[in-house]
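Novice: Encoded as structure tokens, here's the structure I'll be asking about.
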Amino acid sequence: MYEKIYESDTLVVGEADQTPDWRWLFYLRHWDAFLGLTPTHYAKVFRDGTTIFFGKRSGSYEPVGRVDSLLAYWGRWTEALCPAFPINGLPNPNVVLNPGWNIEYGMGPDSVTGTFVDERRMVYLHQPNTHRIDIYSVETRQKTGEIQHNTGEYFHSLAWVQEGQVAGFCKASGKIRIMTYLGSDKKVIESDRIDPFRVAAYDSEHHLFFAVGTDYRARLYCREAWSENLSAPTFEPASVYGLKANRLKTRLTGDDGKPIPGMWVHWELEGVDGPIIGSLDKAVSMTDKDGWAENFYYGPDEGLTGLNKVKVRVALY
């Protein structure tokens, strides 16, 4: 089970003196917060459970997970997918993401099953049953593949994780599956669970799961089982000098050897049979597009000699 790292004392109910009928929850990267939806209202939800209701919903639009932690909506009457405005998360009916295919009733999302669109790769993910996701071309409407997950439940929502990956959330059991949907090998790559919930979302900025539990408390879960390999830190150049900034580098890659960008790496100095000598410039640094994280080591100015160990690990915040 994913590790629970936070649980709110207060209930996720906003200003209303009642418990909302939460139907959907999505992480929006422009907000670095979550959009919560009831059958009638929109709300902004923060990681500590603080909730602000800010608008009334139209019953003709249902939310759809979208690439890059954005959001789209499916129009019941127009059968079109339209993007959300980045500022307020509301539907923008002036833009259509599926001009060649009107997504008919039964292929769109509802209160039980979520869908997902990646308009960059022109693919649409639909759940025909509780064991499979079908992948369609938005351009041709033809089925191009499928993912067998065999949870025995519909994914209430599908959320973007990273390029070519989505997370599916099962409300009743708390099951979570992370799946690949591009390329020839479309499959489940990670299986785990959280506590049963009303709504849940994936925080792609900090690689966390956020849920509003059945008791209306906000919970954060750490995603520990993420495939990664962090190389031993090395100096560049290899010689280390005192009274000078010495560059340090480490690289984060997946099991397939591909670089993992946008992750925080924690740096630490540890003395070997003695005190810590010198200092590091940063406690954390982020991996770049090639998976490299950098730091600087400053040698001592007191003429001390000895051995230090540089420790690195992937940090989740």
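The values are calculated or read from the model by the stated rules, or taken from the named source; none is laboratory data. Computed from a predicted model, the values in this text were never measured in an experiment. In this analysis, Cβ positions are derived from the backbone assuming ideal geometry, glycine residues included, and neighbour counts consider all displayed protein chains.
Novice: In segment 79-97, which residues are free of Cβ contacts under 8 Å to residues at least 24 places away in the same chain and outside any strand (DSSP E or B)?
Specialist: Listed by number, the residues that qualify are A80, F85, N92, P93, N94, V95, V96.
Novice: Identify, from the list Y216, Y202, the residue that is under 22 Å from D21 (Cα atoms), surrounded by 16 or more Cβ atoms within 10 Å (Cβ to Cβ) and more than 17 Å from the chain's Cα centre (by Cα).
Specialist: Answer to the check: Y216.
Novice: Here is a further query. So which of D118, D68, D110, D32 is under 26 Å from M179 (Cα atoms), in the same structural domain as G183 (by TED's automatic domain parsing) and crowded, with 18+ Cβ neighbours inside 10 Å?
Specialist: D118
Novice: At least 2 residues that are more than 13 Å from Y6 (Cβ to Cβ) in each: list the strands (runs of 3 or more DSSP E) lying fully within segment 179-222 that qualify. Lay out the reasoning, then the answer.
Specialist: Details: elements: 188-193, 197-203, 208-213, 217-222.
Those strands (runs of 3 or more DSSP E) span 188-193, 197-203.
Novice: Filter segment 168-183 for residues that are hydrophobic (A, V, I, L, M, F, W, C) and surrounded by 23 or more Cβ atoms within 10 Å (Cβ to Cβ) and give the result.
Specialist: Passing the criteria: F169, C170, I176, M179.
Novice: Quick one: in segment 23-34, which of the residues that are touching a Phe, Trp or Tyr at 6+ places or on another chain (Cβ under 8 Å) and in contact (Cβ under 8 Å) with a residue 60 or more places away in the chain is farthest from R217 (Cα to Cα)?
Specialist: L28
Novice: Looking at (1) touching a residue at least 40 places away in the same chain (Cβ under 8 Å); (2) in contact with a Phe, Trp or Tyr (Cβ under 6 Å, 6 or more places away or on another chain); (3) surrounded by 15 or more Cβ atoms within 10 Å (Cβ to Cβ), which is the only condition C222 fails?
Specialist: (2)
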